[in-house]
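Some notes on the structure that comes next.
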Amino acid sequence: MQRRNLQASDAPAGFRLTQQYGWPHRLEDWQLLLTLGHGYAMQHDDQVIGTAMAWCWGDGHVSIGVVVVDKAWQGRGIGKQLMQALMADYPDAQLRLHATEQGAGLYRQLGFVRRGVLGQYQTPCLPTIPYPRLPFGYQVALATVDQQPQLELLEYCATGFQRQTLYRYLLQSQRVFVLVDASGEIMGSLGCHRFGHGTSLGPCYSRDNALIPLLIQAVLSQLEGGFVRLDIDEQYLSDEWLRQWALQRVDSPEIMVRAGSIPSHSLSAYQIAVMTPALG
């Protein structure tokens, strides 16, 4: 076995691995992951038998994902070796990942602690969702390229992330919806992008918890008949809301963090949903 850096040409190999476990990633999703981040592959006889990736979002904030090992090679410590290589690249950073039940034990061994639950909800065919009644002067609209600095600031206030490249991709190739007040200030944002079986909603940020259901419902009202997925921090929105929109829970990975040694960031907004479990 040999560990090496992942390359753009490894997208088909990563796709093969995630297909083994029924993960929804398309080949195009793997290509995006490799464009935005970096990682390691474990290779044997010219075949990739394991992967792990990291995405650095500025100021010592790192998301980790697609830690996956070929079923035929499980139990040999490959996942642990790949994780240790990534962690050595970011010794002081705050690392965040979303752990499957199978992987959570390994991450606890490596110093990660549980911070909550990420509820994965989806529906194969979204029914008609009525547009919500918004507060006077508020509106939900598609974000424009000119609003990218405001979107980045809202995310920074919620997470400390700095993701200029990600927002450029969302605004130019996908969609971002914003909830703005009467003065034009962005009070919430929700990405809407192609992933896996259909449309995935995220990332989502808000300055006011009471506005979260309104923003999500306004976007859902425009997605009738399609496959929709939402990966949401369960502390901010109840099962009752999600079932009302015909979204059913399909998984509940743990939100796990290794704190690192970066200074604490004073948060003034909320992270409601991630873009994908890997990217955060």
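The values are calculated or read from the model by the stated rules, or taken from the named source; none is laboratory data. Since we're looking at a predicted model, the values are computed, not measured. With ideal geometry, Cβ positions are generated from the backbone for all residues, glycine too; neighbour counts draw on all protein chains shown. Areas reflect the complete protein model, heavy atoms only, side chains present, ligands, DNA and RNA absent. Shrake-Rupley method; radii C 1.70, N 1.55, O 1.52, S 1.80 Å.
The table that follows gives values for the structure above.
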read-out	value
Checking residue 76 against (1) part of a helix (DSSP H, G or I); (2) out of contact with any strand residue (DSSP E or B) (no Cβ under 6 Å at 6 or more places or on another chain); (3) closer than 21 Å to residue 109 by Cβ, the condition it does not meet	(1)
Flag for residue 150 being modelled with pLDDT of 95 or more, open to solvent by 20 Å² or more (accessible area, probe 1.4 Å) and more than 29 Å from residue 225 (Cα to Cα)	yes
Qualifying residue in region 202-222 (condition: touching a Cys at 6+ places or on another chain (Cβ under 7 Å), of a type in the set (Ser, Thr, Tyr) and in a strand (DSSP E or B))	no
Residue that is farthest from residue 148 (Cα to Cα), among those in region 187-198 that are surrounded by fewer than 21 Cβ atoms within 10 Å (Cβ to Cβ) and touching a Gly at 6+ places or on another chain (Cβ under 9 Å)	198
Options 201, 223: the member that is open to solvent by less than 30 Å² (accessible area, probe 1.4 Å) and in contact with a helix residue (DSSP H, G or I) (Cβ under 8 Å, 6 or more places away or on another chain)	201
Filtered residues of region 113-136 (kept if assigned to a loop (DSSP other than H, G, I, E, B) and among the basic types (Lys, Arg))	133
Filtered residue count, region 59-79, keeping only those that are under 15 Å from residue 38 (Cα atoms), free of Cβ contacts under 8 Å to residues at least 60 places away in the same chain and open to solvent by 10 Å² or more (accessible area, probe 1.4 Å)	1
Some residue of region 88-105 being under 14 Å from residue 250 (Cα atoms), touching a helix residue (DSSP H, G or I) at 6+ places or on another chain (Cβ under 7 Å) and surrounded by 21 or more Cβ atoms within 10 Å (Cβ to Cβ)	no
Residue 121 vs. criteria touching a residue at least 24 places away in the same chain (Cβ under 8 Å), open to solvent by 30 Å² or more (accessible area, probe 1.4 Å) and among the aromatic types (Phe, Trp, Tyr)	no
Search result, residues across region 7-58 that are within 23 Å of residue 90 (Cβ to Cβ), open to solvent by 30 Å² or more (accessible area, probe 1.4 Å) and in contact with a Gly (Cβ under 8 Å, 6 or more places away or on another chain)	56
Subset of region 168-185 (residues that are in contact with a helix residue (DSSP H, G or I) (Cβ under 6 Å, 6 or more places away or on another chain) and free of Cβ contacts under 8 Å to residues at least 40 places away in the same chain)	171, 176
Region 198-222 residues that are charged (D, E, K, R), paired with ones that are assigned to a strand (DSSP E or B) (beta carbon under 9 Å, 6 or more apart)	207/186; 207/187; 207/188; 207/270; 208/187; 208/188; 208/270
Residue among 273, 246 that alone is modelled with pLDDT of 95 or more, crowded, with 16+ Cβ neighbours inside 10 Å, on the phi > 0 side of the Ramachandran plot and not hydroxyl-bearing (Ser, Thr, Tyr)	246
Complete set of residues in region 184-217 that are at pLDDT 95 or above, over 19 Å from residue 126 (Cα atoms) and polar (S, T, N, Q)	189, 206
Filter result (in a loop (DSSP other than H, G, I, E, B) and acidic (Asp, Glu)) within region 228-280	234
Region 38-58, residues that are touching a residue at least 60 places away in the same chain (Cβ under 8 Å) and of a type outside the set (A, V, I, L, M)	55, 57, 58
Candidate set from region 136-147 (those that are exposed (fewer than 14 other Cβ atoms within 10 Å of the Cβ) and at negative phi); member that is farthest from the chain's Cα centre (by Cα)	136
